1. Which shape class applies to region 84-133: rounded if a/c is under 1.5, otherwise prolate when a/b exceeds b/c and oblate if not, where a ≥ b ≥ c are the square roots of the Cα gyration tensor eigenvalues?
2. At 0.36 nm per residue, minus the direct Cα-Cα distance, what do residue 32 and residue 122 gain on full extension? Give it in nm, one decimal, please.
3. Taking H as built 1.01 Å from N, whose amide H comes closer than 5 Å to the amide H of residue 87, not counting residues under 5 places away?
4. Per residue, how much space in cubic angstrom lies within the convex hull of the C-alpha atoms of region 43-190?
5. Classify region 148-190 as rounded, prolate or oblate, taking a ≥ b ≥ c as the square roots of the eigenvalues of its Cα gyration tensor: rounded when a/c is under 1.5, otherwise prolate if a/b is larger than b/c and oblate if not.
6. Expressed in nm to one decimal, what extension gain is obtained for the pair residue 168 and residue 65 from 0.36 nm per residue of sequence separation less their Cα-Cα distance?
7. Sorted by mean Cβ packing within 10 Å, highest first, what order do the peptides 41-48, 115-122, 102-109 take?
Amino acid sequence: MLKLMKRPHLILSCRTFYVTPKNNCEDEPIERLSCVEEKIGFIGDGNMAKAIFKGIVNKCLIQPNQVNVSSPYIKNLDVWKEMGACVSTDNAEIMEISDVVFLAVKPHILPEAIKNIEKSPHAANIKNKLFLSILAGYKISKLEKMLSCFEGARVVRLMPNTPMMVGAGCTAFCPGHGVTEHDLMIVRAI
């Protein structure tokens, strides 16, 4: 039997059930999006990023051309381009043109990546973004502090698994400060 601990902001989302503790209120129906209109960005192009991309495209939540991916590896970006995504080696450019940004780099790379983005001419235009972190070992408070250089940054920490590639994954997620109900609808859809 699965036992869930009550935490005020823990939200578990799985393919067949939802659990949303909300200030100990009565259960409320959860509204779902049938498609995501926002542009999705991936900072990092690894296996989990590809699994998420393939899952949301296969479920027809987004069109491949709604996705922007950055990586320093041209060979990897060629694979993304073949799948229909827009690609760049410039993280700041991807953050600027995306509404929802997955932080999908190796955890030890993130601080340097953020510093480089801050120095970019694109940095001034990076505002009101929803950041979805799939990085292990980063607390929301640390992510929020790190991303506070971007006005209106909102953070949700995710723990996905690779079956997302076929739309059968399970993801635990936890929203940070300022995350809106619409933001959570996007996260639930993905």
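1. Rounded, since a/c falls under 1.5.
2. Contour length minus the Cα-Cα distance gives 29.1 nm.
3. 69
4. 99 Å³
5. prolate
6. 34.8 nm
7. Peptide ranking by packing, descending: 41-48, 102-109, 115-122.
Taken together, the values in this text are just the output of simple stated rules run on the coordinates, not laboratory data. Nothing here was measured: the structure is a model prediction, and the numbers come from that model. In this analysis, Cβ positions are derived from the backbone assuming ideal geometry, glycine residues included, and neighbour counts consider all displayed protein chains.
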